[in-house]
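All of the numbers you see were taken from the coordinates with simple rules; none came from a lab. These numbers come from a predicted model, not from an experiment. A quick note on method: Cβ atoms are made from the backbone with ideal geometry, for glycine too, and the neighbour counts reach across all protein chains shown.
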Amino acid sequence: MFLQILLYAIALGMLLLAASRLATEIYSRSKIFSVEDTPPSRVAIVFGAGLWRDGSPTAVLRDRIATAVQLYKAGKVQKLLMSGDNRQDNYNEPASMKEFAIKLGIPEKDIVLDYAGLRTYDTCYRAKEIFGLSEAVLVTQHFHLPRAVFICNNLGVKAVGAIADQRQYTPHTHQYWKLREIIASFVALWDVWVAKPSPILGDPEPIFPAMRENSSTASWEPKHDL
């Protein structure tokens with residue numbers, strides 16, 4: 001009897017995880033684009049994805065930054081919001097992301113750093129509450145975009161996703177991220193609909209202080225391709 005209940009519980013858990021992932025994929029299907037087809041927005045949000053021991057971005061993170069640079073140079077965004085983990089003095093994702101973006105030709109003045117983007121949920125929450133955004137392009141790999149797009153839109157940031165897959169990742173890396181997303185998708189639905197946690201906040205730092213993102217008079221025309 002106990003074994004039967006345990007098996008039913010495991011089956012139910014697996015079903016919930018699969019359903020959560022499917023829900024985010026269906027929700028975001030029409031909101032994910034290639035770089036070329038991404039609609040213009042004022043800001044691209046780049047999510048952290050880890051650093052090597054020397055402090056440089058991992059391959060996954062480098063691709064996210066490089067994709068955001070492509071959007072910027074194509075005139076689709078004006079600013080890059082680099083969001084990542086800086087809980088320890090010797091681990092600073094946003095600073096490393098900024099350094100790599102500058103090497104790729106982005107002016108320092110057009111890079112904004114979010115040092116408290118510990119999770120995708122935190123990044124989306126802070127994008128609105130701290131940085132004053134009501135819309136953005138989310139830059140990350142295809143496996144991550146459904147969850148990111150779902151969270152940001154449900155937290156009040158009208159978001160589309162730009163696919164940052166610029167290489168063939170190793171099977172180990174690919175499987176790790178896919179498995180992680182299955183579990184994280186359930187957590188995302190729980191956070192958005194049930195728990196509604198509040199991340200680390202602070203004083204507002206609007207990216208465009210002279211023009212609130214939610215202003216009905218705000219307007220911006222994309223630049224011509226560079």
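What's the extension gain from ALA59 to ALA23 if we count 0.36 nm per residue and subtract their Cα-Cα distance?
Result for the pair: 10.1 nm of gain on full extension.
Could you tell me how many degrees, from 0 to 90 and to the nearest 10, lie between the Cα long axis of helix 120-129 and the main elongation axis, the longest principal axis, of the Cα atoms of the chain?
40
For the range 31-195, with the dipole built from +1 on Lys and Arg beta-carbon atoms and -1 on Asp and Glu ones, taken about the Cα centre, which of LEU81, GLN166, PHE131 lies farthest toward the positive end?
GLN166
Please report how many Lys pairs in the chain have alpha carbons closer than 19 angstrom, counting only residues at least 8 apart along the chain or sitting on separate chains.
22
Size of the dipole of the chain about the Cα centre, Lys and Arg at +1 and Asp and Glu at -1 on the beta carbon, nothing else charged, in debye to 20?
300
With N set to the number of residues, divide the alpha-carbon radius of gyration of the range 73-167 by 2.2 N^0.38 Å and report two decimals.
After normalising by residue count via 2.2 N^0.38 Å, the value is 1.05.
So for each of 11-17, 162-168 I average, over its residues, the number of other beta carbons within 10 Å; can you give me the resulting order with the highest mean first?
Packing order, densest peptide first, comes out as 162-168, 11-17.
Of ARG147, ARG29, ARG42, which has the largest mean-square fluctuation in a 10 Å C-alpha GNM of the chain?
Per the Cα network of the chain with a 10 Å cutoff, ARG29 tops the list.
What FRET efficiency would be calculated for the residue pair ARG167, TYR91, taking the C-beta separation as r and a Förster radius of 25 Å, to the nearest 0.05?
Calculated value: 0.55.
Fewest Cβ neighbours within 10 Å first, please rank ILE151, ILE10 accordingly.
The order, fewest Cβ neighbours first, is ILE10, ILE151.
Over the range 31-195, what relative contact order in percent results from Cα pairs under 8 Å that are six or more residues apart?
26
Arrange HIS142, HIS172 by Cβ neighbour counts within 10 Å, fewest through most, would you?
With the fewest neighbours first, HIS142, HIS172 line up as HIS172, HIS142.
Comparing GLY48, GLY117, GLY75, which has the greatest mean-square fluctuation in the GNM of the chain with Cα pairs linked when under 10 Å apart?
Maximum among the listed residues: GLY75.
Taking the Cα centroid of the range 62-76 and of the range 122-166, what is the distance between the two, rounded to the nearest whole Å?
15
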